[in-house]
Amino acid sequence: MVEQSTSLSRHFADVPDPRIDRCKHHKLIDIISIAICAVLSSADGWTDIEAYGHAKRTFLQQFLELPCGIPSHDTFARVFARLNPTAFQNAFLAWVDTIRAKLPGDVIAIDGKTERRTHDRAIALSPLHLVSAFSAANHLVLGQVRVDSKSNEITAIPLLLSLLDISDCIVTIDAMGCQVAIAEQIVAQGGDYVLACKGNQPQLMRDVERIFAEPIEEDHLDRCIITNDGHGRQERREYRSCDQVKDIVDYTRWPHLRSVVMVHSTRTSDGITSEETRYYISSLPLGAERIADAIRQHWGIENRVHWVLDVVFAADDSRARIGNSAHNLAIIRQLVLNVLRQETTLKTSVRQKRLRATWDDAYALKVLQVEPVD
């Protein structure tokens, strides 16, 4: 017999059960645990999860009671469709907080992702769109908030920030998050910000462009150049940081605004050269290298989260649509991605770790931090 030495089961044991008592043939914690183990072991939907349960019943009985055996795929679908995603998310957040190392200067990247196959035109159901936060230092998804179909990321980002401890961290967001209220919230919660600036803030964009178009005294300018060569392409990025923020109209509206940034990128691939210029505002002081690092770390959420969920977990192919099922399954995927990233003894890709957990029960226990009791 084994017992769960990790806090995973403890945190999810308190999630409210949406079923009425006479319909509770299976324990909710068993249903949640089987789903987590199945997704860890390459299952992608409710039918896969049921099949995994039957194939691994002996393994699961080491740490689950399973009083009525393995739930059917219909049971998994019904339970997760009705399970409160806010309560499920809160359990996820509480668990993440126990494994996250709080590191000053950690870059917290915030970005949105749509799971494309979760829409249903027949009933006018919009696809699931989540805004997630990613800790670059920990390689962890810290949390996620669903974007209401009648709203956008501007309203979801403050909700996500309110769930997180961002003190002494640098929060990076793309242009959608370049809002005074969001900057105010980040500062109020003890963090710094690096916000992309585009046409959604036209006056701010014009002011920042003008600052870099005119001569800047050396005392107010810092720069660094980063180059990358490989895979048949050459990339050069020049980062310029300037602290002449008083040249921005109504600059005092932006809390603790201390610098503006220009990034000029040149990329050559197959003999074709392209150029791009991007702009940012920041509460960080003058310093090109520090801000360059934050901007580069921001793309970790795209490369280490969104891409992996799409390619390794087939998130874009998910057809879970009924009720809260798409949102809850997305939380499970992010949880599994976190535990796979936390397991570092196997030096290989997330895909290979997931496959290893499929055929190696001992490795699955290690990933889940479940250890035998003597």
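The values are calculated or read from the model by the stated rules, or taken from the named source; none is laboratory data. Model, not experiment: these values are computed from the prediction. When we count neighbours, we look across all protein chains shown, and the Cβ atoms used for this are built from the backbone with ideal geometry, even at glycine.
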ask   = Yes or no: R117 basic (K, R), at pLDDT 90 or above and more than 13 Å from the chain's Cα centre (by Cα)?
value = no
message = Here is a list: L284, L309. Which entry is assigned to a loop (DSSP other than H, G, I, E, B) and either among the aromatic types (F, W, Y) or at pLDDT 85 or above (or both)?
response = L284
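Residues are listed down the side, and each one gets a yes or a no for (1) in a loop (DSSP other than H, G, I, E, B); (2) within 25 Å of T344 (Cβ to Cβ); (3) assigned by TED's automatic domain parsing to the domain that holds D111:
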{"position": "F134", "(1), (2), (3)": "no, yes, yes"}
{"position": "A137", "(1), (2), (3)": "yes, yes, yes"}
{"position": "Q144", "(1), (2), (3)": "no, yes, yes"}
{"position": "D148", "(1), (2), (3)": "yes, no, yes"}
{"position": "T155", "(1), (2), (3)": "no, no, yes"}
{"position": "L161", "(1), (2), (3)": "no, no, yes"}
{"position": "V187", "(1), (2), (3)": "no, no, yes"}
{"position": "G190", "(1), (2), (3)": "yes, no, yes"}
{"position": "Y193", "(1), (2), (3)": "no, no, yes"}
remark   = Given (1) in a loop (DSSP other than H, G, I, E, B); (2) at pLDDT below 95; (3) surrounded by 15 or more Cβ atoms within 10 Å (Cβ to Cβ), P215 misses just (3)
key: Residue check for L346: assigned to a helix (DSSP H, G or I) and of a type outside the set (S, T, Y)   = no
request  = Within segment 222-240, track down each residue that is in contact (Cβ under 8 Å) with a residue 24 or more places away in the chain, of a type outside the set (D, E, K, R) and on the phi < 0 side of the Ramachandran plot.
outcome  = C224, I226, Q234, Y239
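Here is a yes/no grid of residues against (1) surrounded by 20 or more Cβ atoms within 10 Å (Cβ to Cβ); (2) farther than 13 Å from I332 by Cα; (3) not assigned by TED's automatic domain parsing to the domain that holds V171:
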residue: I32; (1), (2), (3): yes, no, yes
residue: C37; (1), (2), (3): yes, no, yes
residue: S42; (1), (2), (3): no, no, yes
residue: L60; (1), (2), (3): yes, yes, yes
residue: S72; (1), (2), (3): no, yes, yes
residue: V96; (1), (2), (3): yes, no, no
residue: K102; (1), (2), (3): no, yes, no
residue: K113; (1), (2), (3): yes, yes, no
ask   = Since D30 meets every condition but one in (1) more than 22 Å from L355 (Cβ to Cβ); (2) in contact with a helix residue (DSSP H, G or I) (Cβ under 7 Å, 6 or more places away or on another chain); (3) not in a loop (DSSP other than H, G, I, E, B), which condition does it not meet?
value = (2)
ask   = Out of the residues in segment 166-180 that are small (G, A, S) and assigned to a helix (DSSP H, G or I), which is surrounded by the most Cβ atoms within 10 Å (Cβ to Cβ)?
value = G177
Yes/no for D229 being touching an Asp or Glu at 6+ places or on another chain (Cβ under 9 Å), assigned by TED's automatic domain parsing to the domain that holds A288 and closer than 20 Å to Y279 by Cβ = no
inquiry  = Can you go through L355, L329 and tell me which one is touching a Gly at 6+ places or on another chain (Cβ under 9 Å), outside any loop (DSSP other than H, G, I, E, B) and modelled with pLDDT of 90 or more?
reply    = L329
inquiry  = Please count how many residues of segment 312-326 are β-branched (V, I, T) and at pLDDT below 85.
reply    = 1
remark   = Inside segment 237-279, the number of residues satisfying the requirement of being within 21 Å of V180 (Cβ to Cβ), among the hydrophobic types (A, V, I, L, M, F, W, C) and out of contact with any strand residue (DSSP E or B) (no Cβ under 7 Å at 6 or more places or on another chain) is 2
message = Given the options A51, A43, name the one that is assigned to a loop (DSSP other than H, G, I, E, B) and closer than 26 Å to V311 by Cα.
response = A43
request  = Give segment 37-86 a look and list any residue that's under 13 Å from T358 (Cα atoms), touching a helix residue (DSSP H, G or I) at 6+ places or on another chain (Cβ under 6 Å) and either among the acidic types (D, E) or touching a residue at least 40 places away in the same chain (Cβ under 8 Å) (or both), or say none.
outcome  = V39, L40, S41, S42, F59
